[in-house]
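Visitor: Starting off with a structure, shown below.
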Amino acid sequence: MTETDTLIIGSGIAGLSAALACADNGISSTIISCGSDATVSNSWQAQGGIIYKGATGGPDELVEDILKAGCGINHVPAARQLAELGPRVVESILLKRARIDFDRTPSDYHLTREGAHSEARILHKGDQSGEAILAGLDTLVRHSPLVTFTHETTAVNLLMTSYHDTNRSRRHERSRCFGAFVFDQKAGEVYPIFAKNTILATGGIGELYLYHTNSSHARGDGLALGQRAGCRLANLEYVQFHPTTFFHPTARRFLISEALRGEGAILLNQRGERFLYRYLPGFDVPELAPRDKVAWAIHQEILRSEAPCVYLDISHKPAEWAQERFPFVYRNCLAHHVDITREPIPVIPSAHYHCGGIWTDLNGRTSLNNLWAVGEVACTGLHGANRLASTSLLEGLVWGTQAGEMIAGAVQNDRHLIRPEIEPWHAEKSQVDPAFLKQDWFLLKSTMWNYAGLIKTNARLERAEGILSELYRGIDQFYQRAALSDDLIGLRHATTTALLILEACKKNPRSLGCYLREERDL
Ligand code: SIN
């Protein structure tokens, strides 16, 4: 049994920022993550960078860009909070404390630009910004004796007084979260972690789709945990597709950062034409339009030409500059025999970011007591119908810090909280045939990709729901009757989350931002 002030589920930028804020305020935390180390997170893989501040514009201009990209359905106070607190936390945590070595010009930090930004305002470290930021934060957090890391540990269910308290008379009180049942992957055992407060910081949902830019553990764990506990959810239909991931008939897709377009890369079709002008006539530089529009235009061009991909070209820039500015993209493309300094990169859109999630307020508080959600798993309303590039790391940093500070402030009130007694976990022993798990994952991912991908229709959503409801029944039987594994727990979380997304899509017939509907009878 483990007891902690704060249980943090997830070790990306949002989870680490929350742990740091808790530790700064004398509060202990335990961070659990499914992966074996810090590299298994979407934050680590982020290429573009983190918004800081532009040379001319201030918070008002940033808010305007966020609202424009988000099609105006954003929660304005959330955009304002990001724009106002953002530069302060970047400065105090990333620049002064973690001393992240962002790229510089001779006189200052080098600021880059991405799609839908009205000016250059993004700090970056080559095209491996997430890695640099996370490594710096990880070191800070590990120095604190108040933070415990437990990797290869998967959250199975949240502990809720309304469900788990053995004293049934207390179940009628307002429910609160008091930790989670977690699965130790090495020991193969489930045990409880009791916590006064629990933070969901599990990241995104890319693994629900065949092709995506995310880490392999981005499978909607937090959303499924929150939904089962009774959390209010919001905007689940808004799944953002990144316009440019590396296309190869057999190799795994990887992100080709929007920063390439920010630095002048252009999109071409198979005939070498700059086709975006045809689809996005209102934009002077259509490559810098919001990513929902660019992804849609690429999709249309691919359908029209029947080519499997389009091309992103930065070969007009000096070769040495391109290698230095985009070392990750350069290396990884070259590994597949594409030299970005000499030829265009084959690209195609893939699932990238979930703009919806568990509803939270400006401090990361969910609708349930003592349960918080920060980072991609949360829906603060910041992104509206489409996320502005490079806001995600900043959102994780700002909301993680806010939640940690709020929890520290509330700890006096939490002192009287009694820890409920619970029934021990009942473990099963039968092993699931791995062939089922493999096929079930494939069915889930291909169904979401083909029927609930970039473009949705009623008929596709209906079909997907039928397939996944049936799939869920089978998976849940395994979950009830077999020995658990990270893969099985993750598959159950992922299928739950996929069904929630389908339900949200079915309820919303209106295309907006990254959510694209098409009218078709069948
Ligand atoms: C990118 O580098 O294109 C991704 C950055 C982001 O999604 O904010």
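The values are calculated or read from the model by the stated rules, or taken from the named source; none is laboratory data. Please read all numbers here as calculations on a predicted model, not as lab measurements. Heads up, the Cβs are rebuilt from the backbone with ideal geometry, glycines too, and the neighbour counts pull from every protein chain shown. All accessible areas refer to the heavy atoms of the entire protein, side chains included, with ligands and DNA or RNA removed. Shrake-Rupley method; radii C 1.70, N 1.55, O 1.52, S 1.80 Å.
Visitor: Being basic (Lys, Arg), surrounded by fewer than 17 Cβ atoms within 10 Å (Cβ to Cβ), under 25 Å from the mean Cα position of the chain (by Cα) and within 16 Å of the ligand (Cβ to nearest atom): is that true of residue 331 here?
Guide: Details: basic (Lys, Arg): yes; surrounded by fewer than 17 Cβ atoms within 10 Å (Cβ to Cβ): yes; under 25 Å from the mean Cα position of the chain (by Cα): yes; within 16 Å of the ligand (Cβ to nearest atom): yes.
Judged against the criteria, residue 331 is a match.
Visitor: Are any of the residues in segment 41-48 under 30 Å from residue 148 (Cβ atoms), open to solvent by 10 Å² or more (accessible area, probe 1.4 Å), at pLDDT 95 or above and more than 16 Å from the ligand (Cβ to nearest atom)?
Guide: Looking for residues that are under 30 Å from residue 148 (Cβ atoms), open to solvent by 10 Å² or more (accessible area, probe 1.4 Å), at pLDDT 95 or above and more than 16 Å from the ligand (Cβ to nearest atom), one finds none in segment 41-48, hence no.
Visitor: Tell me the residue from 158, 233, 210 that is in contact with a helix residue (DSSP H, G or I) (Cβ under 8 Å, 6 or more places away or on another chain), modelled with pLDDT of 95 or more, open to solvent by 20 Å² or more (accessible area, probe 1.4 Å) and within 24 Å of residue 368 (Cα to Cα), please. Working first, answer last.
Guide: On the way: 158 fails: open to solvent by 20 Å² or more (accessible area, probe 1.4 Å); 210 fails: within 24 Å of residue 368 (Cα to Cα).
From the options 158, 233, 210, the qualifying one is 233.
Visitor: Using the structure shown, decide if residue 32 is modelled with pLDDT of 95 or more, surrounded by 24 or more Cβ atoms within 10 Å (Cβ to Cβ) and touching a strand residue (DSSP E or B) at 6+ places or on another chain (Cβ under 6 Å).
Guide: Here the answer is yes, as residue 32 does meet what is asked.
Visitor: Using the structure shown, decide if residue 267 is outside any helix (DSSP H, G or I), open to solvent by less than 10 Å² (accessible area, probe 1.4 Å) and within 14 Å of the ligand (Cβ to nearest atom).
Guide: yes
Visitor: Just checking, which of 247, 254 is open to solvent by 10 Å² or more (accessible area, probe 1.4 Å), within 12 Å of the ligand (Cβ to nearest atom) and either in contact (Cβ under 8 Å) with a residue 40 or more places away in the chain or of a type in the set (Val, Ile, Thr) (or both)?
Guide: 254
Visitor: While we're looking at this one, here's another question. Can you pull out the helices (runs of 4 or more DSSP H) entirely within segment 1-110 that have at least 2 residues that are of a type outside the set (S, T, N, Q)?
Guide: Numbers: elements: 13-24, 42-45, 59-69, 76-89.
The helices (runs of 4 or more DSSP H) meeting that bar are 13-24, 59-69, 76-89.
Visitor: Cβ-Cβ under 8 Å, sequence separation 6+ or interchain: first residue in segment 96-114 and farther than 21 Å from residue 57 by Cα, partner open to solvent by 50 Å² or more (accessible area, probe 1.4 Å) and outside any loop (DSSP other than H, G, I, E, B). Which pairs?
Guide: From segment 96-114, the pairs are 98/139.
Visitor: On to the next question. Any residue in segment 116-130 that is more than 21 Å from the chain's Cα centre (by Cα) and more than 22 Å from residue 259 (Cβ to Cβ)?
Guide: no
Visitor: Out of all the residues in segment 348-393, which are surrounded by fewer than 24 Cβ atoms within 10 Å (Cβ to Cβ), of a type in the set (A, V, I, L, M) and more than 16 Å from the ligand (Cβ to nearest atom)?
Guide: The answer is 362, 368.
Visitor: Can you tell me how many residues in segment 311-328 are within 16 Å of the ligand (Cβ to nearest atom) and either of a type outside the set (A, V, I, L, M, F, W, C) or open to solvent by less than 30 Å² (accessible area, probe 1.4 Å) (or both)?
Guide: 6
Listed here are the residues, each with its yes/no results for (1) of a type in the set (Phe, Trp, Tyr); (2) more than 16 Å from the ligand (Cβ to nearest atom); (3) more than 30 Å from residue 286 (Cβ to Cβ).
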site	(1), (2), (3)
73	no, yes, no
86	no, no, no
92	no, yes, yes
98	no, yes, yes
142	no, yes, yes
151	no, yes, yes
155	no, yes, yes
164	no, yes, yes
172	no, yes, yes
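Visitor: Follow-up question, since we're still on this one. Taking the residues in segment 422-460 that are of a type in the set (Gly, Ala, Ser) and either in contact (Cβ under 8 Å) with a residue 40 or more places away in the chain or in a loop (DSSP other than H, G, I, E, B) (or both) as candidates, determine which candidate is surrounded by the most Cβ atoms within 10 Å (Cβ to Cβ).
Guide: If we take residues in segment 422-460 being of a type in the set (Gly, Ala, Ser) and either in contact (Cβ under 8 Å) with a residue 40 or more places away in the chain or in a loop (DSSP other than H, G, I, E, B) (or both), then 452 is surrounded by the most Cβ atoms within 10 Å (Cβ to Cβ).
Visitor: If I filter segment 475-485 for residues that are surrounded by 16 or more Cβ atoms within 10 Å (Cβ to Cβ), within 16 Å of the ligand (Cβ to nearest atom) and closer than 29 Å to residue 235 by Cβ, do I get at least one hit? Talk me through it step by step, then tell me what you get.
Guide: Just the residues of segment 475-485 that are surrounded by 16 or more Cβ atoms within 10 Å (Cβ to Cβ), to begin with: 475, 478-479, 482, 484-485.
Now restrict to residues that are within 16 Å of the ligand (Cβ to nearest atom): none.
Looking for residues that are surrounded by 16 or more Cβ atoms within 10 Å (Cβ to Cβ), within 16 Å of the ligand (Cβ to nearest atom) and closer than 29 Å to residue 235 by Cβ, one finds none in segment 475-485, hence no.
Visitor: Can you name the residue in segment 270-295 that is touching a residue at least 40 places away in the same chain (Cβ under 8 Å) and outside any helix (DSSP H, G or I) and is also farthest from residue 67 (Cα to Cα) among such residues?
Guide: 270
Visitor: Only residues that are more than 16 Å from the ligand (Cβ to nearest atom) and open to solvent by 10 Å² or more (accessible area, probe 1.4 Å): list them for segment 124-140, please.
Guide: Result: 135, 136, 138, 139, 140.
Visitor: Also: Give segment 289-306 a look and list any residue that's modelled with pLDDT of 90 or more and of a type in the set (Asp, Glu), or say none.
Guide: Result: 292, 301.
Visitor: Looking only at segment 55-86, count how many residues are farther than 30 Å from residue 237 by Cα and crowded, with 19+ Cβ neighbours inside 10 Å.
Guide: 0
Visitor: So the check is Cβ under 8 Å with 6+ separation or different chains; which pairs have a first residue in segment 115-141 that's closer than 16 Å to residue 90 by Cβ and a second one that's of a type in the set (S, T, N, Q) and in a helix (DSSP H, G or I)?
Guide: Matching pairs, first to second residue: 123/129; 130/42; 130/43; 130/45; 133/43; 134/43; 137/17.
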